[in-house]
Amino acid sequence: MSRAAAFGRFWWLFVVGDDWTVAAAVAAGIAATGLLAAGDVAAWWVVPLTVATALYVSLRRATSPRRTTSPRRTI
């Protein structure tokens, strides 16, 4: 693997990790902060709220018992 590919893979795994939804939520929070700040709105609260919500949802999903489907009955 080339150095550039290894560098890119490192950053991908560092930012995205195991749960791409958290990375997407944080990116959306940063984008929303930028849009609100461009409109002269105090937007300091958007990223902390986004991170806290994403963390809660991620931990809730990771610690909830897995639902298993029951086998289909054959007649």
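Just to confirm the number: angle between the C-alpha axis of helix 20-38 and the first principal axis of the chain, 0 to 90 degrees, nearest 10?
For helix 20-38, the angle is close to 30 degrees.
Counting helices only, and only those DSSP H runs with n ≥ 4, report the 222 nm mean residue ellipticity of the chain as the sum of -39,500 (n - 2.57) divided by its residues, in deg cm²/dmol to the nearest 500.
Mean residue ellipticity at 222 nm (helix-derived): -22500 deg cm²/dmol.
What is the distance, in nm, between label points placed 7 Å from the Cα along the Cα-to-Cβ direction at D19 and at A62?
If labels sit at D19 and A62, their model points lie 0.6 nm apart.
Measure nothing but the geometry: give the 0 to 90° angle between the long axis through the Cα atoms of 46-63 and the longest principal axis through the Cα atoms of the chain, rounded to 10°.
The answer is roughly 10 degrees.
Assuming 1.567 mPa s and 4 °C, estimate D for the chain with Stokes-Einstein, Rh taken as the Kirkwood radius over Cα pairs, in µm²/s.
Reported coefficient: 84 µm²/s.
Return one number: the angle in degrees, 0 to 90 and rounded to the nearest 10, between the long axis of the Cα atoms of helix 3-15 and the longest principal axis of the Cα atoms of the chain.
With rounding to tens, the tilt is 80 degrees.
Read the figures in this text as sums done on the coordinates, not as results from a lab. The structure displayed is predicted, hence computed values, not measured ones. Using ideal geometry, Cβ is built from the backbone for each residue, glycine included, and neighbour counts are taken over all protein chains shown.
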